[in-house]
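Enquirer: The structure that follows is given in the form of structure tokens.
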Amino acid sequence: MYIIVDDRESVANGYVGGLVREGVSSIGFSSGEFWDWLQSASESDLAAVDAFLLGDCDARGSLPRAMRKRSSAPIIAMSGQKMLKNTLELFESGVDDVVHVPIHLREILARTAAIARRRVGELPRPCESRIQVFFNGRDPEIAGHALTLPRRELRILEYMVSNHGKWITKTQIFNAIYGIFESTFDESVIESHVSKLRKKLRDRLGFDAIVARRYVGYRLDIPAGETLDVPMQELDEVGIILNRAHAVPAAYPAGN
């Protein structure tokens, strides 16, 4: 889940809408609303945050350090002023990265993933030789061949790869995929998404990569030495990779 902090409601809503179209849950706050939420948010709610996007607000200079006290999620400042002095001030305030608007949302997703990788180190995860996930909306690859997934299933796979080998609950997955403020859907939708993803991975890998245990949750478990048995008919499949600037309209929030 992405949290956008911007005192311009129309701008915040623009980013929220764009991220939702990318299949990423998000919510927009004014700086005052966010400050109140940050002080009272539970640890489980904060753990569901993928990144904070900090836009134009009066408290931009002080919010990053307050965020960091409660969360290790990447903090990305979005600036409309392409000036060295402004950029340096933002970095000094404690943000992890500064981007200049307008910017394509997929670049923000890629930057978030890059920051997260640096935090955990550059060593590949045990499953990366089997499943390659890009964390920027691009289809994952198995044995070098794209696996086209619906947005929700892709997000679940990304979350599981980030937590490879760990047991994660249905609630954790729901919060990460749908957001902690979602009330339209019930957590039971996760069971359906995981079941479909599990079957697709099993068809490609030849074994169950997702382990399910009642009352415990799910775990992505891909042995480091496991070899892949890719059916011959799948060798010609080409996944849809939307990595060109013209594939999806750039995010130009209203008011910018």
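The values are calculated or read from the model by the stated rules, or taken from the named source; none is laboratory data. Predicted model only: the values in this text are computed from it and were never measured. Here the Cβ positions follow ideal geometry from the backbone for every residue, glycine too, while neighbour counts run over all protein chains shown. These area figures cover heavy atoms from the full protein model, side chains too; ligands, DNA and RNA do not enter into them. Shrake-Rupley method; radii C 1.70, N 1.55, O 1.52, S 1.80 Å.
Enquirer: If residue 77 passes every condition in (1) over 18 Å from residue 182 (Cα atoms); (2) of a type in the set (Gly, Ala, Ser); (3) surrounded by fewer than 20 Cβ atoms within 10 Å (Cβ to Cβ) but one, which one does it miss?
Expert: Just one mismatch for residue 77, condition (3).
Enquirer: Restricting to region 171-185, count the residues that are in contact with a Ser or Thr (Cβ under 8 Å, 6 or more places away or on another chain), open to solvent by 30 Å² or more (accessible area, probe 1.4 Å) and among the aromatic types (Phe, Trp, Tyr).
Expert: 0
Enquirer: Another question, then. Could we say that residue 166 is over 30 Å from residue 14 (Cβ atoms), outside any loop (DSSP other than H, G, I, E, B) and either open to solvent by 40 Å² or more (accessible area, probe 1.4 Å) or modelled with pLDDT under 85 (or both) here? Talk me through it step by step, then tell me what you get.
Expert: Values: over 30 Å from residue 14 (Cβ atoms): yes; outside any loop (DSSP other than H, G, I, E, B): no; either open to solvent by 40 Å² or more (accessible area, probe 1.4 Å) or modelled with pLDDT under 85 (or both): yes.
No; evaluated as a whole, the condition is false for this residue.
Enquirer: Follow-up. Consider residue 23 against the criteria (1) under 19 Å from residue 136 (Cβ atoms); (2) modelled with pLDDT under 90; (3) among the small types (Gly, Ala, Ser); (4) buried (at least 19 other Cβ atoms within 10 Å of the Cβ): it satisfies all of them except one. Which criterion is unmet?
Expert: For residue 23, the exception is condition (4).
Enquirer: In region 33-49, how many are in contact (Cβ under 8 Å) with a residue 24 or more places away in the chain and surrounded by fewer than 13 Cβ atoms within 10 Å (Cβ to Cβ)?
Expert: Here the count works out to 1.
Enquirer: Which one is most open to solvent (accessible area, probe 1.4 Å) among residues in region 80-125 that are among the basic types (Lys, Arg) and at pLDDT 90 or above?
Expert: 85
Enquirer: Inside region 76-108, can you point out the residues that are in contact with a strand residue (DSSP E or B) (Cβ under 6 Å, 6 or more places away or on another chain) and part of a strand (DSSP E or B)?
Expert: 76, 77, 78, 79, 97, 98, 99, 100
Enquirer: For residue 12, indicate whether it is out of contact with any His (no Cβ under 9 Å at 6 or more places or on another chain), closer than 15 Å to residue 176 by Cβ and small (Gly, Ala, Ser).
Expert: no
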